[in-house]
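Contents: one structure, followed by commentary.
The values are calculated or read from the model by the stated rules, or taken from the named source; none is laboratory data. A quick note: this is a predicted structure, and the numbers were derived from the prediction, not measured. Only protein heavy atoms, including side chains, enter the accessible area calculation; ligands, DNA and RNA are left aside. Shrake-Rupley method; radii C 1.70, N 1.55, O 1.52, S 1.80 Å.
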Amino acid sequence: MAVSKIHALYNTLGKAISYITNPDKTDGGCLVSSFGCSIETAAIEMMLTASQGRNIGNRIGYHMLQSFSPEDNITPEKAHELGKEFADKMLKGKFEYVIATHIDKDHIHNHIIFNATSFYDLNKYHHDNKDTQRMHEINDKICSENDLSVVEKKSVDKKLADKSREKKKYRKGEDISLRAKLKTAIEEAISRSGTFEEFLQIMKLEGFDHAYRGKMLRFQVPSLGNSKGYSMIRLNGKNMYTEEQIRKKIQNQQQSKVNENSENEQQQLQQTTIKSKEKEQLPKTKINQKTSSQYDKPNKKRMNLIVDISKNIKAQESRAYNQALVRSNIDTLVKTMNFLTENNIQNPDDFKNYYAAKSAEYEFIREDIKQLENKQIALSEKIKFTQDYKKYHNLYYAAKRAGSRTKFYMEHESEIVAFEAARLYFTRIGENPDKINLTDLFADYRLIKEDKFVTGLSLKEAGKEINNLDIISKNVEDALGIELVEREKQNQIKENTKKKVNRDVAR
């Protein structure tokens, strides 16, 4: 199953980027890309952006993880491509990031380190539960579109919520000892780990390198305050963290999740059975009161499904509601027949062709949206590098004339790096930045944004049409026993249409 995770980085941005871009894990560095920055100088460029932004909170970056199941048929190159798509949809071309695809484990996975400060508007990235849900939805959609497995939705773990509260207390300064800092980091890393090796990786990404003294596991903890020193600490006493105990905690955590899912399924089944029995034993008045909100009134603005009155509890108990459903079903059949007549659909083949045409229209609009999004993201990156080039152009050459050993040069090293990264970008795309007009770029960006909005409305309408066709097909099948389009063929039409669109775009 494809899994996505995210957590904030509070220190060692450079170390985190160095770790994920390790050549031994990324096919010699071939599976590493960046957006809005150079891979080699990403940390410096990100910190320069952050220095210009609003300094809200101590988050310097975020680390996203996208891992694929070993059972998925996916190549490292495809995984890297999907990782970039995932990052672009999440960050919308507003944050610098580095992505690295690791192939050193039995499952391919992407690491994405991105700046907590946006170069687009210099605002800080805010991540909450809604954003986590959006991240999972984006990842699931990408995986579904590429025939990869999708993880099932899970409820929030109460223990993780408790640990989150402890973490907030620590950040507010309620517990700022080095030992407490290490304990918080260890507990959080355990909660996000599936194996001991993954636990060590997460600790390292957060700046806690490990070492052994004999069999005793110790961690290097950055000192508090402005000091750049480090302390090697091991936890002992009641909360002693040996390798064996950490492995056991991770194993117990994984097992408890499996057991919890199983218990939840059993509880849902029991609750459904109990509710059904209670409903049978309730008097008629109670049934009407209990179930009145469960049946929506027919919506006159859209095509409705035909209701099976014989299986509707409220219709059996209320004559008025029964008659209302009969009228609704008649109205739905009239709408269905009118639609078929107006579009000259006389047999299943006509409907199948009409359905295929509408599906093709939907896919073409969807592809237009995708291309506009890609143009918008690419233009956003171009604007960022153009701004850096023009902003630091004079400073760069002044520093070069002064010499690399001068105080002036060292004070502006970050700006110099940003200028060099911009110059490399324009060399790569083969354009002369001196001839680019920023005003024109911003105007193009606004036009793409407006075009995407209008195309999005068209996509929404096309989606409604497809939904209505699915309803019409079901209504005809239920009322007349005629299957206009078999479910498997219906899905096949959509899939063939999607492949055809991709071939046409590739040409």
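A few notes on this one:
- Residue by residue, segment 343-355 carries 3J(HN,Hα) couplings of 9, 6, 9, 10, 8, x, 5, 4, 5, 4, 5, 5, 5 Hz when phi is fed to the Karplus relation 6.51 cos²θ - 1.76 cosθ + 1.60 (θ = phi - 60°); x denotes Gly or Pro.
- Whole-Å semi-axes of segment 343-407's equivalent ellipsoid (Cα gyration tensor): 60, 8, 5
- Cα centroid separation - segment 410-464 against segment 67-97, whole Å: 21
- Taking all Cα pairs closer than 8 Å and separated by 6 or more residues, the relative contact order of segment 1-104 comes to 50 percent.
- Percent accessible area from carbon and sulfur atoms, segment 1-145, protein chains only, probe 1.4 Å: 50
- More than 21 Å apart - percent of Cα-Cα pairs taken over segment 317-452: 68
- Taking one quarter of the surface of the C-alpha convex hull of segment 54-135 gives a mean projected area of 6.0 nm².
- If the convex hull is drawn through the Cα atoms of segment 1-140, its volume per residue in Å³: 95
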